[in-house]
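Please read the structure below before turning to the comments.
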Amino acid sequence: MMTRFGSRLFDQAFVRSGPIRWLVVGGTLLIAAIAVGSVLMAQNFRERALRNSSRELENTVLMLAHHFDQQLQDFAVIQRDFVDHARSIGIASVADFRTRLSGQGVHQMLRSKIEALPYIGGVNIIDAEGNLINSSTAWPVPKVNMADRAYFRTFKYDPNSPDVLIEPLHSRISGAWTVLIVRKIVGPNGEFLGVVGRGIEPANFEKFFATVALGEGATISMLHRDGTLLARYPHSSELMGRNFKTGPFEQQRVFGLDHFAGRFTSPIDGEDRLIASRALPHFPILMMATTTRAAALTDWREQIGMLISVAGASALAIAGVLIAIVRKLLEQHRASRERLTLEKQRLDRAVNNMTQGLLLFDAERRMVVCNQRYIEMYGLSAEIVKPGCSFHDIIAHRKATGSFTGDVDGYVARVLKGIHTRNSMVVDTSDGRSIHILNEPLADGGWVATHEDITERRRIEERITHLAHYDALTDLPNRTMFHEHLREELAAVGNGEEIAVHYIDIDEFKGVNDALGHLVGDELLKSIAASLRCCAGPADFVARLGGDEFAIVQSAVTSRDQVDELVARVFAAIRAPFDCLGHHLTTDASIGIALAPEHGTVLDQILKNADMAMYAAKSAGRRTYRFFEPEMDAKVRERRQLESDLRHAIALGGLEGGLEVYYQPCLSLKDDRITGCEALVRWRHPERGMVSPAEFIPIAEDTGLINEIGEWVLATACRDAANWPDDIRLAVNVSPVQFKSGTLALKIMAALAASNLPASRLELEITEAVLIRDDDAALTILHQLRAIGVRIALDDFGTGYSSLSYLHRFPFDKIKIDRCFVDDIAGPDGSASIVQAVVNLATARRMTTTAEGVETEEQQRLLRALGCSEMQGYLFSAAKPADKVLELFALHRSRLAQRSGKESRRREAG
């Protein structure tokens, strides 16, 4: 230690000597001067880059403001000319306005005005009822009504409304986002006659924005003074119509100023942006240009890179010279000291970084090396356990500090006796730890001892052993241990005794998980497990087989009364209310019982029979129990045969003996047109005949075959629908199992591509069961399908418990009213009010409604009176094969044409 201390003092004195000191100080000051100068230059370049970028943005918005102000003033002149024209020809009433301005002559006049200004676009005339009566772009004028638009209601009902309004909205003519510029037209007495306006698609502005090159990351926007986004480049459909006057005060203040230049965080991407805005002189519109601070500083970064390179190279050169000089002076002195230090560091690192405690003893039984881990492991004093102390002293010190509880002399003698050979032992400390000690002899008569704390490893091994035989949630024996116990019981069953195997399945447990979550479900399972332990006898064996299934092995059964008594106790225990994380839950069970040796003596056989008995209890309505009967095996075989036949039918597809697709038409209640058909799968079994979907669809869903059936039905139906008239849509049901596959969207796109059926003619019908299981994932898939143009309908609406929340989260195109509401719609206390509520809800959210199961004309009349959009049911037509449904289309169109002709002749005669 003294040698190292003297060497350190020599190094310090040597470095502090005159030439070295002044050399180091001078070099350090020079490097510092270079660094300070570089920082000042970088700051100056940065401010200059930001000012240049800000000026470029200000010049851009000034140019854009003058450009679009001139364009909009040109259109304002046309609007005022049209208003003057209406007044000059003496239009004084609403009827006069509609009659005299809806003719082709006015259309030609509008076209001639617009042709002089080709950049203006179309001009539309709307009467006092919101009807489009004339347009410069189309003749004859399409039937469009604007009465529900906000600007129209403002003009019509607000006497203080301005003469001109600018509003972004979805055009009902083009279907795209449009910036609408409209002017109110009033009569001589101030009465509201109509509106003259122009719809400009944001793309017209954005094309011009694109010609203004501002660099990467820049945006150009046109906003209303009230904060509404009218147009933006780069274009973003999600941002169109969004109001940005809702942020911080600094952001809101921009919309009240004629021009602004500054910087703040963008509310769209959260980036720090330079912003310049300027208002149009004659319109409530702002032009805004932004660029990210990072983009504005691009050139600055290049300059800084060069500056840093030069400064860094200079600093490195100076530092290199200094290091070379100092290293040369100290090289010989430091070489020997570093070699000794390195060796010491290697030894210290190796010893003190060990996870085990380490002791090295010489042939005299005295300690040479002890690492820190050993001292910490036993809580010893480093003043006592130090080089030179004997092995006996160390054990005595451990005895005094409480980490050793045995006889010191006896332990020391036992260790020293076997020290000449490699040996190991595990000892337990007074605080409950397990320590593994390994003694390794050395050639000189000493030895190395390592001490490893294996407490946690032993606990993990014990836990693993426990988990191999016990359920982690309920701590009941698991399926493996259950099989081992039952196998032993079957081998030891005595004469005149039986073993009862109870299979217990908790009824409706999945509903608890779906409604309240898995934490509550797990708590319920633990409560049930505790109850089963209490009601089972001392010789009975209770196990959890997995999920919501439990089992009890009842030994030494001499009569069925004993089994019935245990079943009664089980039902009483399970049906008692449980408090699960604040939820008071009651449940029930289906129990299947098999007796050995009566129902089998082999493990697999008795388990299978108990399982069949349990499913028989479920089939009997749940909440009961059944003993195994031989007939149950026959029913299972029948179900398996039906499953096998179904697989064969799927392989056959549309061939004889395979699956078929029938189509049930959907009729419009407004004009009696066929609007679409729902595809329904049918199975014509070669021996059973027509098999009800209620029989084979549950089997398909349980086995996963529903994916293949659904894919085949989708492809077949799309291929058939491609031959239908273009105005008839195809509806296909989608099972929850298909949603789980994760490839539904790809399969739908493949079916559409193979059949050339437009995506807009395909409508997918889903139930709430799709959304309940994993609503976030399902909604993501629904949005993917909506993105490719497919329509989405919510089937069996009103039969679930969370319909309204899903209508709020996803904009369905259609709601299908379940037949249970249609059946009693005509009754005095029927469901007419419920149907009316559903129709109103759908209308408010721009959805259509289809009533299922319509079978009487009275139901049809009431549904039409309540405002329902469509109907489906046997009143119009049952489901038909593909060829028959084509005949139905032709026949129905013929009937509609005849009826239309009769009505025309009746009107002419009248």
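The values are calculated or read from the model by the stated rules, or taken from the named source; none is laboratory data. Please read all numbers here as calculations on a predicted model, not as lab measurements. Neighbour counts are summed over all protein chains in view; Cβ atoms, including those assigned to glycine, are modelled from backbone coordinates with ideal geometry.
Structure notes:
- Test for residue 71: is it over 30 Å from residue 312 (Cβ atoms), surrounded by fewer than 18 Cβ atoms within 10 Å (Cβ to Cβ) and of a type in the set (S, T, N, Q): no
- Subset of region 239-276 that is β-branched (Val, Ile, Thr) and in a strand (DSSP E or B) - its residue that is nearest to residue 168 (Cα to Cα): 275
- Scanning region 843-871 for residues that are in contact (Cβ under 8 Å) with a residue 60 or more places away in the chain, charged (D, E, K, R) and buried (at least 21 other Cβ atoms within 10 Å of the Cβ) turns up just one, 870.
- Here residue 728 meets each of (1) crowded, with 17+ Cβ neighbours inside 10 Å; (2) more than 28 Å from residue 896 (Cβ to Cβ); (3) not aromatic (Phe, Trp, Tyr) with one exception, condition (2).
- Region 38-64 residues that are outside the structural domain of residue 280 (by TED's automatic domain parsing), paired with ones that are polar (S, T, N, Q) and assigned to a helix (DSSP H, G or I) (beta carbon under 6 Å, 6 or more apart): 45/303
- Matching residues in region 817-842 - criterion: being hydrophobic (A, V, I, L, M, F, W, C) and touching a residue at least 40 places away in the same chain (Cβ under 8 Å): 817, 822, 838
- Unique match (being over 27 Å from residue 430 (Cα atoms) and modelled with pLDDT of 80 or more) among 335, 382, 363: 363
- Odd one out for residue 252 among (1) modelled with pLDDT under 80; (2) closer than 19 Å to residue 56 by Cβ: (2)
- The number of residues in region 683-721 that are under 35 Å from the mean Cα position of the chain (by Cα) and over 20 Å from residue 745 (Cβ atoms) comes to 13.
- Some residue of region 180-188 being of a type in the set (Gly, Ala, Ser), crowded, with 17+ Cβ neighbours inside 10 Å and either in the same structural domain as residue 105 (by TED's automatic domain parsing) or out of contact with any strand residue (DSSP E or B) (no Cβ under 6 Å at 6 or more places or on another chain) (or both): yes
- Among the candidates 660, 695, residue that is within 22 Å of residue 852 (Cβ to Cβ) and part of a strand (DSSP E or B): 660
- Beta carbons closer than 6 Å, at least 6 apart along the sequence or on distinct chains, pair a first residue in region 745-763 that is farther than 14 Å from residue 726 by Cβ with a second that is in a helix (DSSP H, G or I) and of a type in the set (Asp, Glu) for 747/711.
- Residue pairs whose Cβ atoms lie under 6 Å apart, separated by 6 or more positions or on different chains, with the first residue in region 123-148 and assigned by TED's automatic domain parsing to the domain that holds residue 113 and the second among the acidic types (Asp, Glu), are 133/127.
- Scanning region 410-417 for any residue that is part of a helix (DSSP H, G or I) and under 30 Å from residue 550 (Cβ atoms) turns up nothing.
- Screening 858, 852 for residues that are in contact with a helix residue (DSSP H, G or I) (Cβ under 6 Å, 6 or more places away or on another chain) and among the charged types (D, E, K, R) leaves exactly one candidate, 852.
- The listed residue being surrounded by 18 or more Cβ atoms within 10 Å (Cβ to Cβ) and touching a strand residue (DSSP E or B) at 6+ places or on another chain (Cβ under 6 Å), out of 646, 659: 659
- Elements of type helices (runs of 4 or more DSSP H) in region 816-910, at least 1 residues being closer than 14 Å to residue 667 by Cα: 857-866, 882-909
- None of 522, 475, 514, 505 is part of a strand (DSSP E or B) and either over 20 Å from residue 615 (Cα atoms) or within 37 Å of the chain's Cα centre (by Cα) (or both) except 505.
- From the options 78, 91, residue that is surrounded by 18 or more Cβ atoms within 10 Å (Cβ to Cβ) and assigned to a loop (DSSP other than H, G, I, E, B): 91
- Complete set of residues in region 150-174 that are in contact with a strand residue (DSSP E or B) (Cβ under 7 Å, 6 or more places away or on another chain), free of Cβ contacts under 8 Å to residues at least 24 places away in the same chain and part of a loop (DSSP other than H, G, I, E, B): 161, 163
- Whichever residue in region 277-324 is under 18 Å from residue 232 (Cβ atoms) and not in a strand (DSSP E or B) and, among such residues, is modelled with the lowest pLDDT: 295
- Residue list for region 616-640, restricted to those being farther than 13 Å from residue 703 by Cβ, assigned to a helix (DSSP H, G or I) and not acidic (Asp, Glu): 616, 617, 618, 619, 630, 632, 634, 635, 636, 637
- If you go through region 530-585 and keep only what is surrounded by fewer than 20 Cβ atoms within 10 Å (Cβ to Cβ) and part of a loop (DSSP other than H, G, I, E, B), you end up with 536, 537, 538, 539, 540, 547, 558, 559, 576, 577, 581, 582.
- Taking the criterion of being crowded, with 18+ Cβ neighbours inside 10 Å and modelled with pLDDT under 90, the residues of region 496-508 that qualify are 498, 507.
- A single member of 219, 211 is closer than 26 Å to residue 258 by Cβ, surrounded by 17 or more Cβ atoms within 10 Å (Cβ to Cβ) and polar (S, T, N, Q), and it is 219.
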